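Trainee: A single structure is presented below for examination.
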Amino acid sequence: MLLLILRFLIKLANFLPLRFSLWLGKTGGKLIYFLLPRYRHIAYANIRFFLGMDRKKALRITRNLFENLGMFINEIFRFFRLNKNNIDSYVDFEGLENLDTALSEGKGVILLTAHLGNWEMSGVALGLKGYSIKVLARQQRDSRIDKLLNLYRQSSGIKVIKKGMALREIIQGLRNNEIVGMLGDQGGKKTGVCVKFFERYIFLPRGFLDIARRTGAKIVPIFIFPVESGKGKIISGTTSGRKNRKRYKIIIGSSLVCEGSRESIVQRYANILQDHIASCPEQYLWIYNLSKFTFSKTVLILDDEKAGHLNQSRAVASQIESIQSEKYPQLFASYPNSVEIIIKKVEYKNRFFRFLLTFCLSNVFLRYLCGSKCLRFCLTKMSYKQLIETPANIIISCGSSLISPNIFLKQQNFAKNIVIMSPFVFSRKFFNLIIAPCHDHLRQANVVSILGTPNLITSQVVETAAKKIKKELRLQKNLIIGIFVGDASYSRFQKILTEIIKVSQRLDAELLLATSRRTSERISNLIKQKLSGFALCKLLVIANERNIKDAVPKILGLSNLIIVTADSISMVSEAASSGKPVIVAKMGRSKKKKEEFLDSLKQKRIINLVFPNELENKIIEIYTRKEKPQILDDKEKIKRGVEQIL
């Protein structure tokens with residue numbers, strides 16, 4: 001069916017006058033722009049990421065790109081109309097002497113181009129000018145379409161080299177002083193060379209350089225552009241006294257200087273390519289997913305103004321830096337800013353608009369065709385502007401209120417996305433990676449199940465943090481107890497605090513206590529009443545009144561033993577990741593999932609789970625035995641999950 005449609009379009013393009021045929025191609029490009037949102041989003045995301053343009057300019061270039069692509073395809077259909085007699089009236093050459101000079105050395109020429117302009121036309125034009133040229137062509141999935149395209153190429157005298165036995169044919173052609181055309185703008189991370197490209201770092205292929213060094217062939221860059229004036233109007237000129245309408249200009253550069261390292265040579269080509277793309281960005285084929293070849297990563301963390309959620313997202317983002325540094329140690333050392341982490345606040349107009357955005361997400365039409373409009377309608381003006389103007393290729397969020405913005409922004413940026421905690425059932429398929437606790441019992445392929453919650457706490461982190469405050473506190477006792485208080489039951493916490501004060505006096509232990517933002521005012525007042533004048537309390541942090549930077553890692557690093565109230569999974573996870581003995585004080589009956597979480601850590605001997613009346617005995621037992629606890633460490637699991645989607 002596809003082949004029949006293609007044959008019909010070819011006949012139609014050759015039957016119609018050129019101007020009308022180009023208009024038809026342009027209209028077809030506009031249609032593709034609306035009918036294929038996937039490629040529209042890829043192109044838009046690439047333009048934003050590499051060119052750093054604002055939304056309005058990026059959309060205009062994306063639309064122009066599809067219009068140009070429609071015209072290019074239409075002109076490929078008309079290749080049979082071109083011949084040696086009319087090629088000069090259709091194409092203008094600049095720098096043809098550079099090609100002749102390179103050929104005069106007798107070792108062949110690698111003609112290096114990119115997916116810029118109608119690149120197929122450059123090979124056809126040179127073939128019709130009498131040059132012996134071979135092109136390395138990627139095989140199409142449909143063999144019949146592949147044969148048809150190759151027939152068009154060969155009609156001008158081009159010889160097509162297919163992958164498989166490509167290297168042998170390329171080397172033989174160069175030894176015969178022929179021209180071999182290659183594309184040099186899409187490479188793989190395994191074999192490519194990392195270069196700077198529009199202030200980003202990307203892998204470009206190095207095969208052309210390896211072949212040139214092996215054969216002594218010259219590398220000559222070549223690019224083709226439509227000769228345009230205004231909005232796509234074809235310039236009219238005169239040649240030999242006759243009216244002439246030249247459609248293209250082929251620019252052939254000087255031979256690439258192949259001295260220096262492999263990286264420096266490929267960088268020279270990247271600089272030339274960048275300059276040409278910058279002059280005509282709508283001529284480049286941005287619809288290819290370039291993120292596969294980028295070393296640079298921009299991570300957008302969505303913030304719902306909950307410190308715990310933000311810390312979990314930052315913990316996952318840190319794994320991206322870790323993966324890059326381990327996988328490409330030399331590159332990461334050379335380009336330390338290759339991973340950029342940006343945090344942006346998500347703010348709804350009100351609670352109703354949060355539910356409205358979730359509805360938009362569940363509606364197929366609104367999700368795919370009106371994604372940015374839904375965000376603009378539901379978010380505050382400032383929040384929408386900051387989010388939509390931030391190009392990113394990885395988006396991370398934690399918390400139910402950020403699920404819908406995460407998915408819509410993934411679509412806008414054609415990014416990979418990660419969510420922490422179990423999202424809505426219908427939305428799970430829209431995430432590349434879900435990081436969820438084991439007690440949620442998710443069994444999808446895109447799920448990484450972990451015991452606790454992601455956090456930034458490690459033994460090294462807490463030791464470093466402790467050094468910053470140790471002298472200031474002047475701690476003198478052998479036993480230091482760190483205490484973290486969440487939103488506890490007042491009566492039960494009263495018992496816990498009484499037990500802690502009693503045991504600290506009995507064991508002559510110093511106390512370091514911090515509350516969370518969720519801690520009630522009543523409990524905060526109780527803590528201040530009991531501990532403000534207590535000589536053994538060396539640090540008292542009431543989060544809603546006076547917080548200190550990195551309070552959690554500092555307290556964890558200074559303490560020999562940690563006590564945590566059982567209400568917060570993230571607080572328990574941070575304490576259990578520190579490498580210190582942890583006592584979790586139960587505050588009454590918890591939800592089933594939380595009970596399952598605490599029981600699983602207890603069974604693995606990561607925490608000690610006690611009721612308030614058992615607290616004193618458990619502290620004495622741990623202090624006496626001095627057993628080394630098991631550490632909660634989900635970081636390797638998270639790292640493996642993140643690595644799979646990068």
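Trainee: Give me the residue from the range 87-118 that is in a helix (DSSP H, G or I) and among the charged types (D, E, K, R) and, out of that set, farthest from V227 (Cα to Cα).
Mentor: The selected residue is D100.
Trainee: Still on this structure, I have one more. Say whether the condition of being at pLDDT 85 or above and under 30 Å from S334 (Cα atoms) is met by at least one residue in the range 165-181.
Mentor: Within the range 165-181, not a single residue is at pLDDT 85 or above and under 30 Å from S334 (Cα atoms).
Trainee: If you take just the helices (runs of 4 or more DSSP H) that sit entirely in the range 351-410, which of them hold at least 2 residues that are within 23 Å of F49 (Cβ to Cβ)?
Mentor: Helices (runs of 4 or more DSSP H) meeting the threshold: 364-369, 371-378, 381-388.
Trainee: Would you mind telling me which numbered condition in (1) in contact with an Asp or Glu (Cβ under 6 Å, 6 or more places away or on another chain); (2) surrounded by fewer than 18 Cβ atoms within 10 Å (Cβ to Cβ) W23 fails?
Mentor: With (1) in contact with an Asp or Glu (Cβ under 6 Å, 6 or more places away or on another chain); (2) surrounded by fewer than 18 Cβ atoms within 10 Å (Cβ to Cβ) applied to W23, the lone miss is (1).
Trainee: While we're looking at this one, here's another question. Give the range 63-102 a look and list any residue that's among the acidic types (D, E) and modelled with pLDDT of 90 or more, or say none.
Mentor: Of everything in the range 63-102, those that are among the acidic types (D, E) and modelled with pLDDT of 90 or more turn out to be E67, D92, E94, E97, D100.
Trainee: Give me the pairs, please: first residue somewhere in the range 580-597 and closer than 15 Å to A488 by Cβ, second residue anywhere and crowded, with 20+ Cβ neighbours inside 10 Å and small (G, A, S), beta-carbon distance under 7 Å, and either six or more positions apart or on two chains.
Mentor: These pairs meet every condition: V584/A566; A585/A566; K586/A566; M587/A488; M587/A566; S590/A566.
Trainee: Residue by residue through the range 591-622, note down the ones that are open to solvent by 30 Å² or more (accessible area, probe 1.4 Å), in contact with a helix residue (DSSP H, G or I) (Cβ under 6 Å, 6 or more places away or on another chain) and part of a helix (DSSP H, G or I).
Mentor: Residues satisfying the conditions are K593, E596.
Trainee: Also, quick follow-up: In this structure, is F34 among the aromatic types (F, W, Y), open to solvent by less than 20 Å² (accessible area, probe 1.4 Å) and in a helix (DSSP H, G or I)?
Mentor: no
Trainee: For a quick check of your reading of the model, give me the residue pairs whose first member lies in the range 600-624 and is free of Cβ contacts under 8 Å to residues at least 24 places away in the same chain and farther than 19 Å from P437 by Cβ, whose second is of a type outside the set (G, A, S) and assigned to a loop (DSSP other than H, G, I, E, B), with beta-carbon atoms closer than 8 Å and at least 6 apart or on different chains.
Mentor: From residues that are free of Cβ contacts under 8 Å to residues at least 24 places away in the same chain and farther than 19 Å from P437 by Cβ, there are no pairs.
Trainee: Name the residues in the range 74-86 that are surrounded by fewer than 19 Cβ atoms within 10 Å (Cβ to Cβ) and assigned to a helix (DSSP H, G or I), would you?
Mentor: I76, F80, R81
Trainee: Moving on to the next point. Residue by residue through the range 198-222, note down the ones that are open to solvent by less than 40 Å² (accessible area, probe 1.4 Å), closer than 19 Å to N176 by Cβ and not polar (S, T, N, Q).
Mentor: Result: F208, I211, A212, G216, A217, I219, V220.
Trainee: Which pairs turn up if I take residues in the range 431-456 that are under 26 Å from I607 (Cβ atoms) and at pLDDT below 95 and look for partners that are of a type in the set (F, W, Y) and surrounded by 20 or more Cβ atoms within 10 Å (Cβ to Cβ) with beta carbon separation below 8 Å, at least 6 apart in sequence or on another chain?
Mentor: P437/F597; C438/F597; H439/F597; L451/F597; G452/F597
Trainee: Answer yes if at least one residue in the range 572-581 is buried (at least 21 other Cβ atoms within 10 Å of the Cβ), more than 37 Å from the chain's Cα centre (by Cα) and either part of a strand (DSSP E or B) or not hydrophobic (A, V, I, L, M, F, W, C) (or both), and no otherwise.
Mentor: There is at least one residue in the range 572-581 that is buried (at least 21 other Cβ atoms within 10 Å of the Cβ), more than 37 Å from the chain's Cα centre (by Cα) and either part of a strand (DSSP E or B) or not hydrophobic (A, V, I, L, M, F, W, C) (or both).
Trainee: Kindly check whether there is at least one residue in the range 53-64 that is outside any helix (DSSP H, G or I) and open to solvent by 30 Å² or more (accessible area, probe 1.4 Å).
Mentor: yes
Trainee: Where the second residue is among the aromatic types (F, W, Y) and open to solvent by less than 10 Å² (accessible area, probe 1.4 Å) and the first is without any contact (Cβ under 8 Å) to a residue 40 or more places away in the chain and within 18 Å of N289 (Cα to Cα) and lies in the range 384-400, which pairs have Cβ atoms under 9 Å and are six or more apart or on separate chains?
Mentor: Between residues of the range 384-400 that are without any contact (Cβ under 8 Å) to a residue 40 or more places away in the chain and within 18 Å of N289 (Cα to Cα) and residues that are among the aromatic types (F, W, Y) and open to solvent by less than 10 Å² (accessible area, probe 1.4 Å), there is no close pair.
Trainee: Being among the β-branched types (V, I, T) and either open to solvent by 50 Å² or more (accessible area, probe 1.4 Å) or not in a loop (DSSP other than H, G, I, E, B) (or both): is that true of I287 here?
Mentor: Considered against the rule, which asks whether it is among the β-branched types (V, I, T) and either open to solvent by 50 Å² or more (accessible area, probe 1.4 Å) or not in a loop (DSSP other than H, G, I, E, B) (or both), I287 comes out as no.
Trainee: Sticking with this structure for a sec: Can you run down the residue pairs with Cβ atoms below 9 Å, 6 or more apart or on separate chains, where the first is in the range 175-203 and touching a residue at least 60 places away in the same chain (Cβ under 8 Å) and the partner is of a type in the set (K, R) and part of a loop (DSSP other than H, G, I, E, B)?
Mentor: R175/K107; N177/K107; L183/R138; G187/R206; G192/R206; V193/R206; F203/K189; F203/K190
Trainee: Identify, please: which residue in the range 294-328 is assigned to a strand (DSSP E or B) and charged (D, E, K, R) and is, among those, farthest from G399 (Cα to Cα)?
Mentor: That would be K297.
Trainee: Okay, moving on. Restricting to the range 255-267, count the residues that are open to solvent by 60 Å² or more (accessible area, probe 1.4 Å) and either at pLDDT 95 or above or among the hydrophobic types (A, V, I, L, M, F, W, C) (or both).
Mentor: Summing the residues that are open to solvent by 60 Å² or more (accessible area, probe 1.4 Å) and either at pLDDT 95 or above or among the hydrophobic types (A, V, I, L, M, F, W, C) (or both) in the range 255-267 gives 1.
Trainee: Could I ask something else about it? Could you say which residue among S568, S559, S590 is of a type in the set (S, T, Y) and under 22 Å from A465 (Cα atoms)?
Mentor: Of S568, S559, S590, the one residue that is of a type in the set (S, T, Y) and under 22 Å from A465 (Cα atoms) is S559.
The values are calculated or read from the model by the stated rules, or taken from the named source; none is laboratory data. Because the structure is predicted, anything quoted here is derived from the model rather than measured. Reconstructed Cβ throughout: ideal geometry from the backbone, glycine too, with neighbour counts over all protein chains shown. These area figures cover heavy atoms from the full protein model, side chains too; ligands, DNA and RNA do not enter into them. Shrake-Rupley method; radii C 1.70, N 1.55, O 1.52, S 1.80 Å.
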